[in-house]
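A short worksheet on the structure shown next.
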Amino acid sequence: MGSEEEPKEGFPKMVNPGKATILALGKAFPHQLVMQEFLVDGYFKNTNCDDPDLRKKLSRLCKTTTVKTRYVVMSEEILKQYPELAIEGLPTVKQRLDICNDAVTEMAVEASRVCIKKWGRPISDLTHLVYVSSSEARLPGGDLYLAKGLGLSPETQRVMLYFMGCSGGAAGLRVAKDIAENNPGSRILLATSETTIIGFKPPSADRPYDLVGAALFGDGAGAMIIGSDPVLSIERPLFELHTAIQNFLPDTEKTIDGKLTEEGISFKLARELPQIIEDNVESFCEKLMATVGLTDKDYNKMFWAVHPGGPAILNRIEKRLDLFPEKLSASRRALMDYGNASSNTIVYVLEYMIEEILKKQQQQKKECQEEESEWGLILAFGPGVTFEGILARNLTVKE
């Protein structure tokens with residue numbers, strides 16, 4: 001596993017009493033780093049496929065996704081131990097879950113430890129755990145194994161969100177916000193962990209949409225600590241979570257379609273998904289922004305932490321809202337460096353967002369520029385089609 005450092009933050013802006021804040025972020029990855037330029041050769045070699053048409057199609061997809069690097073649990077060692085994973089039509093769900101259950105717990109534990117260290121308070125101060133994953137299935141669930149791996153108190157109150165896909169991280173943040181604001185003094189660990197092994201399959205002309213997943217998705221884990229009324233002598237709030245909403249779009253449940261079968265999880269993404277998001281994103285954002293009197297004239301003054309489901313989705317949002325290109329740069333960087341890592345990716349976007357905010361503050365101070373709005377939106381889209389959104393305040397300032 002591996003983790004990375006993020007910029008150090010300074011003293012926060014004024015925090016509104018009782019409002020939930022993000023107090024720390026952390027991430028972790030499996031050891032296997034995949035360079036996109038070598039993915040096609042490795043994938044076709046490992047699955048013993050020599051279809052030239054599928055190879056060409058995957059090569060094109062690898063370029064259009066804009067992904068450069070990804071981390072994955074899958075390795076040649078795993079395929080040697082479980083060669084059946086690369087063979088079409090074999091019942092392998094047990095083997096997949098055995099691998100996934102251990103992998104997601106290991107990554108979630110490491111990401112959580114990184115996050116807790118940055119937070120600066122003892123682990124015994126955590127009161128709640130929200131755990132998110134679409135990569136495992138067991139009873140008891142991954143929340144218990146994460147609590148055990150971290151040594152959390154048996155009195156820690158746990159919530160588990162399964163199979164929420166790409167909107168899972170933002171959904172977990174919404175749930176953690178509710179817990180924090182309704183339980184004064186509480187501190188919530190939100191952990192997300194995902195691996196694509198649950199859906200790994202050999203290329204097939206009968207399932208061309210599987211190639212999109214092969215070119216786009218990555219593995220890893222993310223963690224956040226959320227709480228209200230931060231202890232400013234110890235804690236450094238990063239973002240205040242002002243308003244959180246969730247909407248699903250009626251009659252779109254087949255647009256992101258997933259099924260757990262004897263061969264693992266099968267996903268199918270409809271071609272019209274980017275268009276559906278484009279058609280509905282503006283009205284969804286307006287609901288959130290209206291709570292503090294913001295309008296479409298404020299779009300390019302705000303920060304945008306958008307889950308990068310893929311470049312087409314980001315392009316459609318940028319076009320519909322007429323955003324400056326730099327507004328989605330944190331999302332595009334996360335996609336380029338980690339791929340679409342499902343529920344984890346919003347953590348990676350927020351880390352890049354902090355880095356960009358600190359750089360921008362330094363530049364504005366040096367050039368005596370007017371500061372941008374402290375407001376921004378955290379957005380993600382998942383099965384349903386479900387929109388998750390949080391109106392947030394930037395609290396990060398340069399030391």
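Odds and ends about this structure:
- Scan region 312-325 for residues that are open to solvent by 20 Å² or more (accessible area, probe 1.4 Å) and either in contact (Cβ under 8 Å) with a residue 24 or more places away in the chain or closer than 16 Å to VAL67 by Cβ (or both) and the total you get is 6.
- Yes/no for SER342 being open to solvent by 10 Å² or more (accessible area, probe 1.4 Å), more than 27 Å from SER134 (Cβ to Cβ), in contact (Cβ under 8 Å) with a residue 40 or more places away in the chain and among the hydroxyl-bearing types (Ser, Thr, Tyr): no
- Only residues that are within 22 Å of the chain's Cα centre (by Cα), of a type in the set (Asp, Glu) and crowded, with 18+ Cβ neighbours inside 10 Å were counted in region 226-257, giving 1.
- One residue stands out in region 177-224 among those that are in a loop (DSSP other than H, G, I, E, B) and closer than 30 Å to ARG393 by Cα: the one that is most open to solvent (accessible area, probe 1.4 Å), namely PRO184.
- Where a residue in region 133-159 is more than 12 Å from ALA191 (Cβ to Cβ) and assigned to a loop (DSSP other than H, G, I, E, B) and its partner, wherever it lies, is open to solvent by 90 Å² or more (accessible area, probe 1.4 Å) and not hydrophobic (A, V, I, L, M, F, W, C), with Cβ under 8 Å and at least six apart: SER153/SER124
- Restricting region 340-382 to residues that are part of a loop (DSSP other than H, G, I, E, B) and over 15 Å from the mean Cα position of the chain (by Cα) leaves a set whose member that is modelled with the highest pLDDT is GLU374.
- If the condition is being closer than 20 Å to TRP375 by Cα and either not assigned by the TED database to the domain that holds SER343 or not hydroxyl-bearing (Ser, Thr, Tyr) (or both), then region 315-331 contributes ILE317, GLU318, ARG320, LEU321, ASP322, LEU323, PHE324, PRO325, GLU326, LYS327, LEU328, ALA330.
- Residues that are open to solvent by less than 100 Å² (accessible area, probe 1.4 Å) and in a loop (DSSP other than H, G, I, E, B) within region 37-80 comprise THR47, CYS49, ASP51, THR65, THR66, VAL67, VAL73, MET74, SER75, listed in sequence order.
The values are calculated or read from the model by the stated rules, or taken from the named source; none is laboratory data. Because the structure is predicted, anything quoted here is derived from the model rather than measured. Neighbour counts are summed over all protein chains in view; Cβ atoms, including those assigned to glycine, are modelled from backbone coordinates with ideal geometry. The protein model used for the area step is the full one, side chains on, heavy atoms only, and it has no ligands, DNA or RNA in it. Shrake-Rupley method; radii C 1.70, N 1.55, O 1.52, S 1.80 Å.
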